[in-house]
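Undergrad: One structure coming up, written as structure tokens, with questions to follow.
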Amino acid sequence: MLLTPINRMYLRDISFFINKKDKRTIRDWCGKNHLQVYKDSSGEFVIKAEFELVYNMPLIKHLKQKHGDDWIQYYEAYNKGELYKILDFNANASKTQTMYIPKGNLSKKLFDGSPK
């Protein structure tokens, strides 16, 4: 059985992303964000995939709120640096025109099925 190594991210590497230099502050940040800190002979580290999830969580929440079920497409475009695709996707979505459909007899007479 072949074991694949888990990518680690040491606290000194995290400091660049969260703009903190002191290891105690970085540990506090990890604790506040429910990110487990592990130790080995090389120092303290976190699992890279867990860090990326915690670090990107505000963006993920924003995209879920703004785009609903399509948030994954937007998130992938952000990660790949292909933001121009978001514009294409957004333009295609805005081309669909909604039309008011009157429900009552009086509304049908007033609006005569015209788009509003």
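Undergrad: From the list LYS64, LYS48, exactly one residue is surrounded by 14 or more Cβ atoms within 10 Å (Cβ to Cβ), under 30 Å from ILE86 (Cα atoms) and in contact with a strand residue (DSSP E or B) (Cβ under 7 Å, 6 or more places away or on another chain). Which is it?
TA: When all the criteria are applied, what remains is LYS48.
Undergrad: Is it the case, given these coordinates, that GLU82 is out of contact with any Pro (no Cβ under 7 Å at 6 or more places or on another chain), charged (D, E, K, R) and at pLDDT 85 or above? Full working, then the answer.
TA: Working: out of contact with any Pro (no Cβ under 7 Å at 6 or more places or on another chain): yes; charged (D, E, K, R): yes; at pLDDT 85 or above: no.
Spelling it out, it is not the case that GLU82 is out of contact with any Pro (no Cβ under 7 Å at 6 or more places or on another chain), charged (D, E, K, R) and at pLDDT 85 or above.
The values are calculated or read from the model by the stated rules, or taken from the named source; none is laboratory data. All values derive from a computational prediction rather than experimental measurement. Don't worry about glycine lacking a Cβ; one is built from the backbone with ideal geometry, like all the others, and counts go over all protein chains shown.
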